[in-house]
1. Calculated FRET efficiency, Thr131 and Ser167, Cβ-Cβ r, R0 45 Å, to nearest 0.05?
2. If you count only protein heavy atoms and use a 1.4 Å probe, how large is the accessible surface of Thr292, to the nearest 10 Å²?
3. Could you list the trypsin sites (Lys or Arg not before Pro) in the range 320-398 that lie in coil according to DSSP, counting only those with at most 14 other Cβ atoms within 10 Å of their Cβ?
4. If amide H atoms are built 1.01 Å from N in the plane of the peptide, which residues on other chains or at least 5 residues away come under 5 Å of the amide H of Arg608?
5. Not counting ligands, DNA or RNA, and with a 1.4 Å probe, what is Thr211's accessible surface area in Å² rounded to the nearest 10?
6. Probe radius 1.4 Å, ligands and nucleic acids left out: which of Tyr591, Tyr564 has the largest accessible area, and how do the rest follow?
7. Counting only protein heavy atoms and using a 1.4 Å probe, what share of the accessible area of the range 533-611 belongs to carbon plus sulfur, as a whole percent?
8. Is the range 533-611 rounded, prolate or oblate when judged by the Cα gyration tensor, a ≥ b ≥ c being the square roots of its eigenvalues, rounded requiring a/c under 1.5 and prolate requiring a/b larger than b/c?
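The values are calculated or read from the model by the stated rules, or taken from the named source; none is laboratory data. Computed from a predicted model, the values in this text were never measured in an experiment. Heads up, the Cβs are rebuilt from the backbone with ideal geometry, glycines too, and the neighbour counts pull from every protein chain shown. With ligands, DNA and RNA removed, areas are computed over all heavy atoms of the protein, side chains included. Shrake-Rupley method; radii C 1.70, N 1.55, O 1.52, S 1.80 Å.
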Amino acid sequence: MHLIRWGLAIGWIGLILSLFFGHLSGLPPLEWAHRKGTSNFWGLIVPSAIIILLVFGHEGWRRVCPLAFMSQISQKLGIKSPSRIAENSWLGKNHLYIQFGLLFLGLALRLIWFNDNPIALGILLVVTIFTAIVIGYLYGGKSWCHYFCPMSPVQTVISGPRGIFTSSAHTAPPLSLTHSKCRTWDGTQNKDVSACVTCKSSCVDIDAEKTYWEELFKPGRHLVQYGYLGLVLGFFGYFFLDHGGWDYYYQGEFYQPQAINPLWGQGFFFTAIPRVVAIPMTLIVSVAVFTTVGTQLEKFYKGYLVRNLNAQEPSISLKERSRHQVFAIFTVVAFNLFFAFGWRTLFNMDSMFHHVFTLGIALLSAWWLGRNFQRDRATYELEEKTTSLRRQLKKLPIDLSQYLKGRTIDALKPEEVYILAHVVPELGKDKALALYKGLMIEAIKKNSVQSPATWEWLNQMQHQLELTEQQHEAVVSRLSQERPELFQTVANSDQAPTLISTPDKETYPSPATETKESVSAPAPKAAVSAKPVVVFQTSQEELIGEEGKSILELALESGIEIDYSCGLGACGTCQVKCLSGDYRYLQDPSYEPESGHLLTCIATPVGRVELDA
């Protein structure tokens, strides 16, 4: 894939150069602009990106996006970024307004200047790429994509929670390179490996659907969703307001400068307002109208749900459902409206291809709507928890094959996994407690216990495993004693106590002060074994080390859960306390762990190592 991305980047550079040197084709400059330059960019490349987003979601577009690739050039060259954008900063909280504003500005400038001018379009693309590279260097990771890129609002609107063929990151195996997670090519392993620098805790490149639900009510989110439809209608509607008809748009005449009034010429066919004023005015009015309509429709629909469901569903769930489903409707309308105009200038409107293409667009949007309209956060979290339940069932020291009729636990449907869990109490209360404890540990480590759906699920599992409230409290008490660093009880009168992970993921990793080819922990309490061994004190499990394999990999393969993020020794999320033994790092760490701790994602045992994990 890395070769494909380099090839695509070179292809984009070639496209930009063609805008500057199109005259070398032998065509007159204006004819070049119409036939090959701006018309192909606006009428072919941009619509193709929109289709990719709907069909393959964020991961499809981000893997081929030239700006996402260029913004990581400094990282690919091994240059460390000097800073990070804090998610609790003003920019971290309000970046959607910035990105939507840049999208608005770009569309306005296209109507004013870029539409018929290949040189101006080329300059715009060069400046944008340069800006992406600079921001990528300054803040690292995909900070350009997350906080500045004007295409990001379009991705958010069109992809929604997931594209038609988006993969499921929340059910992927541990250490998987999900979606478009930052990665780099490791020649020694001959494969892509994680290059995540944790520039954003809830990252659309790691789990797009999780990010969608967590940012559903983020400041500016409603403006992006409803305002985008306003931008689409306002943009294409202006061609009518400018000339009093659609012919000059459908026939491609708007690519010819003589067909467009001068900058200070008449902006509307019915009044003498200058174009430089008429264009932003049209877009502002359209955005304001559709943002208002969407907001009011959302409120009306929520009221409808409350009346018809008799308030049986939690208020927050109804609020999420109403917003999500209205969002979905606006996405489908915007998608179809865009393609009612987007490719029309390249093909004959009376041709068979045009009719087939229009039908295909309608079918794609209907497919996307059917896949996402009834989707909700609870379903997503249930799928995630089912995966967790599978892992914990496989860890139990019992043979469940007699209940599976020749099938494996992984082959069971979600409802069948829960049916299987019903069997556990019959096999002993200790097995039920062990299963419940493992499920709670996973929920705490993922910091998902703040979700009402997660508490509801844990409560369901408590009753399903026939555990009393006293036994639930005993599990929590035992966990808080065994792993006090993972727990923090938050008093809240409106909901059950919330347990949250304490490590601060927003803390920017400080570079290691020295290279550590081999790091020694406190003196061992026992003789070093012939083979490297990792001992996990909490579970009392011993794992045999393997050459070139990190402690984190050994743990996850054996079902032992350890917090991790980057997998490169860059963020400190995976650090644990080393009680005794020797270890070495597989590569130089760029994060200095706490005294007496090691980074499990890059550490491998030398002899016997005991960990407080």
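1. So, using R0 = 45 Å, E works out to roughly 0.90.
2. The accessible area comes out at roughly 80 Å².
3. When the trypsin sites (Lys or Arg not before Pro) of the range 320-398 are filtered for loop state and at most 14 Cβ neighbours within 10 Å, nothing remains.
4. Under 5 Å from the amide H of Arg608: Ser529, Val533, Asp582.
5. Near enough 10 Å² of accessible area.
6. Tyr564, Tyr591
7. 40
8. Judged from the Cα gyration tensor, the range 533-611 comes out rounded (a/c under 1.5).
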